[in-house]
Amino acid sequence: MRFRKMNGLGNEIVVVDLRRSSKVFTEAEARAIAGNTRSHFDQLMVLHPPRLPGTEALVRIHNTDGSLAEACGNGMRCIGWVISQETGGKNLAFETAAGRLAVVVKSQSDISVDMGTPRFGWQDIPLAEPFHDTRKIELQIGPLDKPILHSPSVVNIGNPHAVFWVDNVEAYDLPRIGPMLENHPMFPERANISLAHVVSPAAVTVRTWERGAGLTRACGSAACAVLVAAARNGITGRSATITLPGGPLKVEWRADNHIWMTGPAELEYEEILDPTVLGRVAV
């Protein structure tokens with residue numbers, strides 16, 4: 001079984017093409033693949049035979065812990081580049097758990113993904129209790145009189161996101177507080193946790209603890225969540241450069257309510273999966 005090790009701004013992506021197979025990875029098998037040094041990933045993008053007319057594939061996405069993810073912007077750029085190289089196509093579409101996503105490939109450094117439309121209703125994110133206004137919700141960690149973080153913006157970009165507005169994204173121990181917030185009772189399906197510093201109306205710096213994957217160099221859906229949340233709060237426009245530890249992404253929340261994210265994809269190597277990896281998974 002061949003795989004491609006790729007990355008989108010350092011977000012580790014493994015692509016496996018099963019379009020000619022009926023195989024579907026279990027969560028345990030995905031964890032086993034992630035546990036191998038050569039095939040380690042933040043997200044595993046598995047291509048299955050297409051079900052919808054006009055799409056290249058059905059894409060199932062696994063996080064490092066084996067859990068399924070609805071969307072992964074960096075991973076979508078990677079598979080867009082792979083399919084474009086195979087077919088010569090520039091305007092592609094894929095089916096994901098987040099819906100049908102379009103990918104436009106101009107070059108390896110200029111790949112755009114339509115990340116769909118944001119959802120703001122508390123039940124759509126989802127949250128454990130009602131909030132009329134999800135631009136900021138009542139949530140904090142730390143002492144009541146001096147919380148470490150508080151009042152995040154929340155939004156669903158195919159998966160749940162919470163964005164905390166800070167003056168310095170490096171001033172917080174995200175590997176320590178990220179797991180607590182990801183698994184906070186407020187988020188029944190867990191959440192991606194981002195720290196965001198608005199540099200200007202067109203530039204935001206971000207660090208993200210990714211649900212099911214941990215601290216990441218880049219999370220495309222988080223970049224989209226930050227831009228949308230910032231625009232809703234009136235602290236940026238509807239287009240901005242979102243700079244992650246791995247580099248910048250251009251994000252635009254268009255008038256038709258669709259979010260487009262643009263950035264690069266990199267192929268690191270192609271290999272055959274170590275046959276003992278899946279053999280170690282308990283049946």
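Normalised by the residues of segment 189-283, what does the relative contact order come to in percent, with Cα pairs under 8 Å and at least six apart?
Working: 144 pairs, mean separation 19.6, N = 95.
This gives 21 percent for segment 189-283.
Anisotropy class assigned to segment 116-256 is rounded, per the alpha carbon gyration tensor with a/c under the 1.5 cut-off. With all protein chains kept in place, the per residue accessible area of the chain amounts to 42 square angstrom at a probe of 1.4 angstrom. Only helices enter this figure: runs of n ≥ 4 DSSP H residues, each worth -39500 (n - 2.57), summed and divided by the residues of the chain, yield -5500 deg cm²/dmol at 222 nm to the nearest 500.
Here's how it looks for residue 236: its modeled amide H is under 5 Å from those of 231, which are all 5 or more places away or on a different chain. Loop-resident GluC sites (Glu not before Pro) (DSSP state other than H, G, I, E or B) in segment 234-283 with no more than 11 further Cβ atoms inside 10 Å of their Cβ are absent. In this rough spin-label picture, where each label sits 7 Å from Cα along the Cβ direction, the residue 233-residue 172 distance is 1.0 nm.
Rounded to the nearest percent, how much of the accessible area of the chain (1.4 Å probe, protein heavy atoms only) is carbon and sulfur? Summing carbon and sulfur atoms, their accessible area is 51 percent of the total for the chain. Relative to the Cα centre, the charge distribution of segment 125-283, modelled as +1 at Lys and Arg Cβ and -1 at Asp and Glu Cβ, gives a dipole magnitude of about 380 debye.
Given +1 on the Cβ of Lys and Arg, -1 on the Cβ of Asp and Glu, and no further charges, what dipole in debye does the chain carry about its Cα centre, rounded to the nearest 20?
The dipole magnitude comes to about 420 debye.
When only the Cβ of Lys, Arg, Asp and Glu is charged (+1, +1, -1, -1), the dipole of segment 222-271 relative to its Cα centre reaches about 560 debye.
Take the Cα of residue 100, step 7 Å toward its Cβ, do the same at residue 215, and the gap between the two points is 4.1 nm. Rounded, prolate or oblate for segment 8-163? Axes are the square roots of the Cα gyration tensor eigenvalues, ordered a ≥ b ≥ c, and the cut-off for rounded is a/c under 1.5. Prolate, because a/c is 1.5 or more and a/b exceeds b/c. Annotation note: trypsin sites (Lys or Arg not before Pro) in segment 187-273 located in DSSP loop regions with a Cβ neighbour count of at most 14 within 10 Å are 254. Would you work out which of 257, 147, 127 lies farthest towards the positive end of the dipole of the chain, given +1 charges on the beta-carbon of Lys and Arg and -1 on that of Asp and Glu, about the Cα centre? Going by the Cα projections, it comes out as 257.
Quick one: pull the percentage of alpha-carbon pairs in the chain with a separation above 35 Å.
On the way: 5712 of 39903 pairs.
Looking at the chain, the distances longer than 35 Å represent 14 percent of pairs.
Taking the Cα centre of each part, how many Å lie between segment 92-110 and segment 176-232? When both Cα centres are located, 22 Å separates them.
Provide 134, 241 ordered by accessible surface of protein heavy atoms (probe 1.4 Å), highest first.
Numbers: 134 5, 241 50 Å².
So, going from the largest accessible area down, we get 241, 134.
For segment 139-208, the orientation-averaged shadow of the C-alpha convex hull comes to 5.0 nm² (one quarter of the hull surface).
The values are calculated or read from the model by the stated rules, or taken from the named source; none is laboratory data. The shown structure was predicted, so the numbers you read here are calculated from the model rather than taken from an experiment. Because the Cβ atoms are built from the backbone with ideal geometry, glycine has one as well, and the counts that use them run over all protein chains shown. Protein only, heavy atoms only, side chains kept; ligands, DNA and RNA dropped before computing areas. Shrake-Rupley method; radii C 1.70, N 1.55, O 1.52, S 1.80 Å.
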